[in-house]
Amino acid sequence: MKVVVVGAGVVGLACAFELASAGAEVVVLERGTVGSGASFGNTGWVCPSLTHPLPGPGTVGEGLRAAFHLTGPLAVRPGLDPGYLRWLWRFRASCTRERWRDGVRALAALNARTLELLAGYPAAGVAFESYGAGLLLAARTETKLANYRELFEELRSLGAATFRELDSRETREAEPALADGLAGALLTEVDRWVRPETLTAGLADWLRGRAVEVREGVDVRSVSGKRVETSAGDVDCDRVVVAAGITSSPFLAELGVRVTLAPARGYSVLYEDGKAPTPQHALYLADALLGLSRYEGGLRVAGVFELGFHALRIDERRLRTMLASADPFFAEWSPSALPPASRWVGLRPLTSDGLPLIGPSPRDPHVFVATGHGMLGVTLAPATAAALAPLVLEGRDDPVLAPFRPDRAP
């Protein structure tokens, strides 16, 4: 069976890996270069303990209040585009406790094999940077720590989070680079992180080493279960998997998918070794809404959530504020005072109900969708691919995919 995978981000490449491992003839089509979209500049967290839908009780109010701060970490693009306004209305309708709890349960079930599947990549010969010391969520104020403690307790009750709490002294002992006087931290020891650009490169190398075509610079114009039309000619096939992140949107409408995507723009910067601390854990700076991951040769700082912004450009004022908000967390390091080695901006694909789209398209049962993973692409990619591949190749539907079906109501 010949399967075309549209998109060479982490989700598309993970799907191609599972399909090729099962014996399918696979062709991967990417409009840019491998891993160059939202998969490139993120923190690379694989965090089953902190996986939940973005829409939840209070999300809209908090987001709108934060959006009035023109340089803050959150922003909602104003506008009168009917499609975007419908998306916002549906997002608001998803912000109930019942829907949030159902979403957490669904994501926890999908994540049940995540760490096992990720460990299987190196065993199969996929080379990438991977670290496993856990995620440390540090808070400056007791109020912020209490908010996240409540969140983690609820996640744990729903089968997601595993964590332990550290007081101020234990927090500094766990990460000596942090400043004295923090309120404390929550440590999730099962979580890990990867360098995402090495994961996508490693998967692409593995695929090419097994005679899988990975075509870059190819613009896909239309898809059907028998043919994919591209700027470089048509590709005949038996099945298609659309996993192109935010650029999946035009295909979703044609395929009858009513749950739409909106872009959530985020930034990251990379500091080279010698100009940043080397924490033992991935760090989440709760008051600043920032994530940090240490890699070989450097430290990445990522943050900002600009909903509805399509342009791949950095708001310099917002970036300066983002970096300055990290300064009080560290004893001797001030990221705002140092020029980073590199900067990045990307668009995460976010559904209006906060759950990814995984499964057959409503109008063409030979076209499958794997997109809308928001800020959880690296976490959910292995499990998405492992559950989807048997459905694509054998028609074997895993019950874990039921909440993510593309034909669900918006």
Matching residues in region 205-221 (in contact with a strand residue (DSSP E or B) (Cβ under 7 Å, 6 or more places away or on another chain), surrounded by 13 or more Cβ atoms within 10 Å (Cβ to Cβ) and either under 18 Å from A232 (Cβ atoms) or aromatic (F, W, Y) (or both)) number 9
The residue from R113, R92, R156, R172 that alone is at pLDDT 95 or above, on the phi < 0 side of the Ramachandran plot, touching a helix residue (DSSP H, G or I) at 6+ places or on another chain (Cβ under 9 Å) and assigned to a helix (DSSP H, G or I) is R113
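Restricting region 311-338 to residues that are assigned to a helix (DSSP H, G or I) and touching a Leu at 6+ places or on another chain (Cβ under 6 Å), which is surrounded by the fewest Cβ atoms within 10 Å (Cβ to Cβ)?
The residue in question is S336.
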(Q) Being surrounded by fewer than 20 Cβ atoms within 10 Å (Cβ to Cβ), more than 30 Å from Y271 (Cβ to Cβ) and either among the polar types (S, T, N, Q) or at pLDDT 95 or above (or both): is that true of E129 here? (A) no
Note: among G359, G346, G374, just one is closer than 21 Å to S224 by Cβ, buried (at least 16 other Cβ atoms within 10 Å of the Cβ), out of contact with any Ser or Thr (no Cβ under 6 Å at 6 or more places or on another chain) and not β-branched (V, I, T), namely G359
In the set A324, A331, the lone residue that is touching a helix residue (DSSP H, G or I) at 6+ places or on another chain (Cβ under 8 Å), among the hydrophobic types (A, V, I, L, M, F, W, C) and over 22 Å from F40 (Cα atoms) is A324
#### Entry: Filter result for P365 (over 15 Å from the mean Cα position of the chain (by Cα), surrounded by fewer than 19 Cβ atoms within 10 Å (Cβ to Cβ) and not hydroxyl-bearing (S, T, Y))
yes
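The values are calculated or read from the model by the stated rules, or taken from the named source; none is laboratory data. Nothing here was measured: the structure is a model prediction, and the numbers come from that model. Methodologically, a virtual Cβ is constructed for each residue, glycine included, from the backbone with ideal geometry; neighbour enumeration extends over all protein chains shown.
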